[in-house]
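A short write-up of the structure that comes next.
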Ligand code: CUA
């Protein structure tokens, strides 16, 4: 079969780019350890509000600038709806759902996690810039989805 010279160049270019992109993904995942937020911790979604630590949602101080924040997502709100964080704090968010699938995205940060009932997802961020950050649900979860948000005040 005869393949035109230009056609062959494009095929080589296309395959080369595929290899480059695949290599980039593997380097990011294994050498740089950049991975999507994942959670392997499970929880009974019908007992979220009585299961520690989600029975006391909110910010918990660990020391030397590190914090943990526990969030429950439910139709159509986040608990807590408002959170105050000191500037420079490194916060690991743990979030679970008591009903359906929600999203957990903090605008202007790289925190963006899917919240699946029965699972605890987590993501970390260091808040170096003061201000009010918007926490939004970015998975369609029902008729009130667009009203599901919270705020995080960093000061
Ligand atoms: Cu919760 Cu959309």
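For this structure, a couple of remarks:
- Lone unmet requirement of (1) closer than 16 Å to residue 145 by Cβ; (2) surrounded by fewer than 20 Cβ atoms within 10 Å (Cβ to Cβ); (3) touching a residue at least 60 places away in the same chain (Cβ under 8 Å) for residue 73: (2)
- Screening the candidates 95, 75 for the property of being within 16 Å of the ligand (Cβ to nearest atom) and either farther than 24 Å from residue 41 by Cβ or more than 16 Å from the chain's Cα centre (by Cα) (or both) yields one hit, 75.
- The test for being over 18 Å from residue 41 (Cβ atoms), touching a strand residue (DSSP E or B) at 6+ places or on another chain (Cβ under 9 Å), modelled with pLDDT under 95 and away from the ligand (no atom under 16 Å from the Cβ) does not hold for residue 82.
- Residues that are over 11 Å from the mean Cα position of the chain (by Cα), surrounded by 18 or more Cβ atoms within 10 Å (Cβ to Cβ) and away from the ligand (no atom under 16 Å from the Cβ) are absent from region 135-147.
- Test: residue in region 53-71 that is more than 22 Å from residue 127 (Cα to Cα), within 16 Å of the ligand (Cβ to nearest atom) and at pLDDT 95 or above: no
- Residues being within 16 Å of the ligand (Cβ to nearest atom) and buried (at least 19 other Cβ atoms within 10 Å of the Cβ) - total across region 117-126: 1
- Residue in region 127-134 that is within 15 Å of the ligand (Cβ to nearest atom) and surrounded by 19 or more Cβ atoms within 10 Å (Cβ to Cβ) present: no
- Subset tally (residues that are surrounded by 11 or more Cβ atoms within 10 Å (Cβ to Cβ) and in a loop (DSSP other than H, G, I, E, B)) for region 1-43: 5
- Of all residues in region 98-116 being under 18 Å from residue 75 (Cβ atoms) and more than 10 Å from the chain's Cα centre (by Cα), the one that is nearest to the ligand (Cβ to nearest atom): 102
The values are calculated or read from the model by the stated rules, or taken from the named source; none is laboratory data. Just so it is clear, the model here is predicted, and its values are computed rather than measured. Cβ sites come from the backbone with ideal geometry, for glycine too, and all protein chains shown count toward neighbours.
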